[in-house]
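Any read-out appearing in this document is the output of simple, stated calculations on the displayed coordinates, not a laboratory observation. Being a predicted model, the structure only gives us computed values, none of them experimental. Cβ placement follows ideal geometry from the backbone for every residue including glycine, while neighbour counts extend to all protein chains displayed.
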Amino acid sequence: MTTPNTARTYGTQRRQFQAWCTERGVEPSPCTAETFTGYIDYLINERRMSPSTVELAWYAIRTWQPHGHWFETATARELWDRWKMEWAASGRGKPKTVPITEEGLRAMLATCQDDPAGLRDGCLITLAWGTAILRSELARCMVDSVGLMDAGVRLQMPGAQTSVLVRDSQDPVTSVVRFTAGWLAHLRRNGRHDGFLFPRWDRWGNLSEKALTEQTLHRVVCERAEAAGLDTSGISFTSLRVGRATGRDTVAFSEPDVETFGRWQPPAFEVLYRPHA
């Protein structure tokens, strides 16, 4: 299952691959390892596409293949890994992380409907925003680490003795309770009462025992930002964490909030500044 925006993006990538295959007289689906590797090499060495764009084409092509069709990707992976390192070493593709504002958050969540993809994405985005959790931690969250409460959703932080309460906005568009309850209900309908909170799924919606990767969590945030019409330059999963912190003026954090969200140690003492008389 994919979002409409992802489906459109994949469609564009598949049409480009199909045109490339037609020019060379080879089949795009099912394709061979040689065809796939040749196209990846073309994107890297002729088109000089960014590693993220090459990766997007990779997923679009692989998920386009007939069910059960497998081919070797080791050579293509080696090309991509080398290109990714070269790209990083050159300093390209490293925009400064841009915080996602409350307005941006609302626009992103407005693209999340009550389908499985919308509920999952809305759940992970609201939890990430509300807890300032790292994506490595969110990927490790389990179903039983989430508790629905009247005031919101309490999330047990992985590997920690503390939990964070994400207070509900009482707004259907941004409600953490709406998204979390809906996503948990979807998991239960599919017999998932334990395991990872955000499992992988295949194109038919079958849930895996494995968790979403950190890269997939990042991609979800970027795709929802793009679907919301935001400028995605500098947008990443970290933008949720940064946005939560830098939005302190409008969110009205207390000091305990900052300690909890960032999981920073409380100060040893408080200093009270008084103006001179």
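Which whole number of Å³ per residue matches the convex hull of the alpha-carbon atoms in region 8-47?
About 68 Å³ per residue, rounded to a whole number.
Using DSSP to define loop residues, name the GluC sites (Glu not before Pro) in region 1-68 whose beta-carbon has at most 13 other beta-carbon atoms within 10 Å.
Glu46
Restricting everything to alpha-carbon atoms, can you work out Rg to Rh for region 110-189 with a Kirkwood hydrodynamic radius?
0.93
Fewest first, what order do Trp70, Trp87 take by the number of other Cβ atoms within 10 Å?
Going from sparsest to densest Cβ surroundings: Trp70, Trp87.
Averaging sequence separations of C-alpha pairs under 8 Å and six or more residues apart, then dividing by the length of region 4-89, give the relative contact order as a whole percent.
With pairs under 8 Å counted, the relative contact order is 37 percent.
Listing Thr131, Thr232 from the residue with the fewest other Cβ atoms within 10 Å to the one with the most, what is the order?
On the way: Thr131 27, Thr232 17.
Lowest count first: Thr232, Thr131.
Mind listing the Cα extents of region 57-172 along all three principal axes, in Å, largest one first?
Over region 57-172, Cα extents along the principal axes are 52, 39, 33 Å.
Across region 4-89, what fraction of all alpha-carbon pairs, as a whole percent, falls in each successive 5 Å bin from zero upward?
3, 15, 26, 26, 19, 8, 2, 0
So, by mean Cβ neighbours within 10 angstrom, what's the order for 218-225, 12-19, 187-194, 56-63 with the highest one leading? List each step's numbers first, then the result.
Working: 218-225: 21.6, 12-19: 15.8, 187-194: 12.2, 56-63: 18.6.
By packing density, highest mean first, the sequence is 218-225, 56-63, 12-19, 187-194.
When the Cα atoms of region 138-230 are enclosed in a convex hull and the volume is divided per residue, what value in Å³ results?
Convex hull volume per residue, Cα atoms: 124 Å³.
First obtain the Kirkwood hydrodynamic radius of region 102-262 from its Cα pairs, then insert it into the Stokes-Einstein equation at 25 °C and 0.890 mPa s, and state the resulting D in µm² per second as a whole number. Each step should come with its number before you reach the end.
Numbers: Rh = 15.8 Å.
Estimated via Stokes-Einstein, D reaches 156 µm²/s.
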